[in-house]
1. I'd like the orientation of helix 130-140 relative to the chain: the angle between its Cα long axis and the longest Cα principal axis, in ° from 0 to 90, rounded to 10.
2. Let's test the formula: R0 of 30 Å, r as the Cβ-Cβ distance of R241 and A102. What FRET efficiency results, to the nearest 0.05?
3. Tell me, which longest segment in the chain has none of the trypsin sites (Lys or Arg not before Pro) that fall in DSSP loops with at most 16 further Cβ atoms within 10 Å?
4. What per residue convex hull volume, in Å³, comes out for the stretch 1-160 when only alpha-carbon positions are used?
5. Roughly what angle does helix 90-111 make with the longest principal axis of the chain, taking Cα atoms, 0 to 90 degrees, to the nearest 10?
6. Mind giving me the FRET efficiency for I164 and V269? R0 is 56 Å, r the Cβ-Cβ distance, nearest 0.05 is fine.
7. How would you classify the stretch 39-132 from its alpha-carbon gyration tensor, with a ≥ b ≥ c the square roots of the eigenvalues: rounded for a/c under 1.5, else prolate if a/b is greater than b/c, otherwise oblate?
8. Note the angle between two axes, namely the Cα long axis of helix 33-47 and the longest principal axis of the Cα atoms of the chain, as a number of degrees from 0 to 90, rounded to the nearest 10.
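Read the figures in this text as sums done on the coordinates, not as results from a lab. Just so it is clear, the model here is predicted, and its values are computed rather than measured. Glycine also receives a Cβ, built like all others from the backbone with ideal geometry; neighbour counts cover every protein chain displayed.
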Amino acid sequence: MNFIRKMGKGVLLCFAIAVPSWFLGELVPAVGAPVFGILFGMILALLIKDRSTVQDGIGFVSKKVLQTAVVFLGFGLNLSVIWETGKQSLPIIVTTIAAALAAAYVLGKVMKIPGRITALVGVGSAICGGSAIAAAAPVVKANDEEVAQSISVIFFFNLLAALIFPSFGALLGFSTESGEAFGIFAGTAVNDTSSVTAAASVWDSLYGLGSETLDKAVIVKLTRTLAIIPITLILALAAARKAKADGENVRLKSVFPMFILYFIAASVVTTAAVAAGVSPDFFAPLKTVSKFLIVAAMCAIGLNTNIVKLIKTGGKPLALGFCCWMIVTAVSLAMQRLLGIW
C-alpha cells in the first residue's frame, strides 16, 4: 500500500504515455515506440509544474522497470538457434562491435565527451541500440538526460539507415535474388530492431523475396544482442576498478549488474524449453512485455529530461554517433567482402 501511495501516480503516468507511444511505434516502425515515448515524455515534462506526487514513480520506472525489461528480453533469445544460424555472421559481428567500441573510446577522449555518454553511445552503436543502452545505463550510473541523449543519437542514425540503406545496398551491388548479403548488412550495420526490420522488409518488398532478408537480418540482430552480456560485465568491472582508484571502498557486488544474470537465466530457460519441444511462440508474449516495458521506461526518461539542455549539449554526442555509425557500416561491408558474402 505504501508503494502505491508513493509510486502509483508516477508509474501510471509513464504507462499512460507508453500506450499511445506503443501504437504509434507500430504505425511508424522506422521511428519505433521507444523514441515516441522519449519525445512525449520530454514534451509533457515542460507542462508539469509540480512533480512532487509523480517523481518517485517516474524514477522507479526509469530504473527498476527498465532493468526488468532487459530481463524479459532474454526470453526472446534461443541461444542454440542463434548459434547455429549466426555462425556465418559472427566474425562480422565481433569485428564491428570491437571497431565501434574502440572508436567510441578514442573519439570520446579526443572530443572530451563525458565518459557515461561515450559508453552509452558506444554500446548503442556497437550492439543493439536502445536495448544495449538500457542494459548499460544502470551499470555506468548514467542519469536520465544522458540516457535520453544517447537514445536520441542512436535513433537519428537508425532512422537514416532504415531510409537510405536499401538504396545504398542496390548501389553497392548486393544480390537482389537473395536476401543473405543485405540481411547480414542490415543486421550488423543498423542498431535497433525496429530499424533493422524496416530496412530488411523494404529489401524483401523491392525484390519479391518474401521474408528471406528479414529472417536473416533478425537472426544476425539477435546474435549481436548477446554481446550485451560480456560488455555489461566489463563495464561493471571497470566501474569497480575506477571506484577503487578513486579511493572508494567498493565491492564488486555493489556494481555488478545482477539483472544481467537474470537475463542469462531467461535465455537459458527459453533454450532448454525449445530443446524440449516447446514452441518458440510460447515466449512471444514475454518478448512483447519486454518491448512495452522498455517503452514505459523511455517515457519516464523523457519525463526526467530537460529538452532545452539536451538540444544545447547534443552536438558532440551526435558527432560521436555519426563516426561510430560510419565505422560500423564500413567494417561490416569490408568483412562481407573479405568473407565472400558480397
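1. 50
2. Values: r = 19 Å, r/R0 = 0.63.
Given R0 = 30 Å and the Cβ-Cβ separation, E is 0.95.
3. Working: sites that count: K49, R51, K87, K112, K141, R251.
It works out to 142-250.
4. On the way: hull volume 23.2 nm³, N = 160.
In the stretch 1-160, the Cα convex hull volume per residue is 145 Å³.
5. Roughly 50 degrees between the two axes.
6. On the way: r = 39 Å, r/R0 = 0.69.
It comes to 0.90.
7. Numbers: a/c = 3.43, a/b = 1.47, b/c = 2.33.
Oblate.
8. The helix 33-47 is inclined about 30 degrees to the chain.
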